[in-house]
Amino acid sequence: MAVDTFLKAASSTGGIVYIMAVLLFIALALALERTWYLRRVLMAGNRVIAGLDSVIRTEKQQLRELAEGCGNLPTARVLAAAFRDDLDHDLERLSSRIEEAILREAPGIDRNLWVLDTIVTLAPLLGLLGTIIGMFTTFHVLSNAASASPQVTGGVAEALLATASGLFVAILGLVLFNGLQNRVRSILHQLEILRIMIMNRMYPDHVVPLQAGTTARERSTGPRALRAGEA
């Protein structure tokens, strides 16, 4: 009986409630997929940071091994930007390349979140539209003098079902969207920390380059030049 009542109420809103059900399914499916993916990225980043946190100086081989443990994730590609560099230059160039890799990964990290944001905005508007359509039916009943009062109040309740469902989808979607956005911010912050950690460990003895007039050997602050100077 309850199912028949719901189907009747959904039909009175012009099918808007069925659209709400589709939006709810899309929001939940997207949130589950993004949550699983972002959790993997955060865990991979935590492992890399823990691995670099225990050393003072790092080499390309260690970065390569850390990247292999991250699989096909943004953290691995950021590490690849560091160990694929020739390092025969100053600190700013390597930092710029790692930052470029982070910016390239940013769109993929928050991929499809715009869909969830759109659902949050669209659901209440569709609910309002469904209520308006339902009220048209109620006014049609009122035009019949023989209509009983319960039919009118029942029609209003059915019309308000669309608004209620729209608000439910929007509230749930907003909670999911804000949670995912927080994880995205955490990952971007994590990648920025990783960039700084790589720079501090690949250039642990970095000094500010001298002014113009010094020799090329004196101006070089890359790891190769530092090791040559130590020798």
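Observations on the structure shown:
- Residues of the range 159-180 that turn out to be buried (at least 21 other Cβ atoms within 10 Å of the Cβ) and free of Cβ contacts under 8 Å to residues at least 12 places away in the same chain, as a count: 0
- Filter result for residue 76 (touching an Asp or Glu at 6+ places or on another chain (Cβ under 8 Å), more than 25 Å from residue 176 (Cβ to Cβ) and without any contact (Cβ under 8 Å) to a residue 24 or more places away in the chain): no
Taken together, the values in this text are just the output of simple stated rules run on the coordinates, not laboratory data. Nothing here was measured: the structure is a model prediction, and the numbers come from that model. Positions of Cβ are generated from backbone atoms using ideal geometry, with glycine treated the same way; all protein chains shown enter the neighbour counts.
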